[in-house]
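Working notes, beginning with the structure itself.
The values are calculated or read from the model by the stated rules, or taken from the named source; none is laboratory data. As the structure is a prediction and not an experimental result, all values here were calculated from the model. Cβ atoms come from the backbone with ideal geometry, glycine included; neighbour counts cover every protein chain shown. Heads up: the accessible areas ignore ligands, DNA and RNA and are worked out on the full protein's heavy atoms, side chains in. Shrake-Rupley method; radii C 1.70, N 1.55, O 1.52, S 1.80 Å.
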Amino acid sequence: MSPYKTVESEDKSTDVVWHQASVSHQARVAANGHQGAVLWFTGLSGSGKSTVANAVDRMLHDIGAKTYVLDGDNVRHGLNGDLGFSDSDRIENIRRIGEVSKLFVDAGLLVSTAFISPFAADRTMVRALLGDKQFIEVFVDTPLEVCEQRDPKGLYKKARAGEIKHFTGIDSAYDVPVSPEVHVKTANQDVQQCALQVIEYLRAEGIIPQS
Ligand code: ADP
């Protein structure tokens, strides 16, 4: 039984109004010298989402950008500690991450998220929360065999042994992104090359300055 209170729809207040901030989003963007956006890394477990997201974050930080990384495992320790891996919990997991990302973007940050986010519908839901050019889907495309060989957390071994159920790529589906903004192939390129591909996209779209 979860120790957390679930807010049923009838409990929700209808009297909550959005408070207008005294410092506008535009003022934050101007102060930061770059746009706010979420870099939504999606891919199989072990595909390299965290690794590439952190490499991108380092590159952005080094040029003075305001950044943060929301990592799947870390978020599940806290904010989403009450959620499991059923389909409904995975959807709620992504919805909360989407809402948190939106706040980061409103704060003018470049926030990288590293979640498997296997369902296209959920990624579309988060995209719809954000404005134009604020949701950048980065498909970390790594063949299942390569992910399984890497198995950085030993999870594939456990899933194959039946110790983990609903494991994406094994007995749970992964919807391949149809038109991601950035498509990195980690089996052919090293981490730095993958990260640079993301940085080049941000430059080309004017999300960060040219140099
Ligand atoms: P995920 O966050 O997708 O579960 P991780 O980033 O935790 O994946 O693990 C990916 C593993 O693959 C790491 O051990 C990383 O060093 C390795 N790896 C090898 N080549 C690459 C690459 N080109 N890009 C990203 N990760 C790579």
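Before moving on, here are some points about what is shown:
- Under the Karplus curve 6.51 cos²θ - 1.76 cosθ + 1.60, θ = phi - 60°, whole-Hz ³J(HN,Hα) for the range 119-133, x wherever Gly or Pro sits: 9, 4, 4, 6, 5, 5, 4, 5, 3, 5, 6, 10, x, 4, 6
- Where trypsin sites (Lys or Arg not before Pro) in DSSP loops with at most 15 other Cβ within 10 Å are excluded, longest remaining stretch of the chain: 13-132
- Per residue Cα convex hull volume in Å³ - calculated over the range 1-134: 134
- Solvent exposure of the chain as accessible area per residue, Å², 1.4 Å probe: 56
- Each part reduced to its alpha carbon centroid, the range 32-91 and the range 134-174 end up 16 Å apart.
- Alpha carbon convex hull of the range 52-201, volume per residue in cubic angstrom: 120
- Cα-based reach from Lys153 at 16 Å (exclusive), listing lysines while leaving out same-chain residues under 8 positions away: Lys49, Lys165
- Share of carbon and sulfur in the accessible area of the chain stands at 53%, probe radius 1.4 Å.
- Mean-square fluctuations from a GNM of the chain, with a 10 angstrom spring cutoff on Cα atoms, peak among Val100, Val111, Val198 at Val100.
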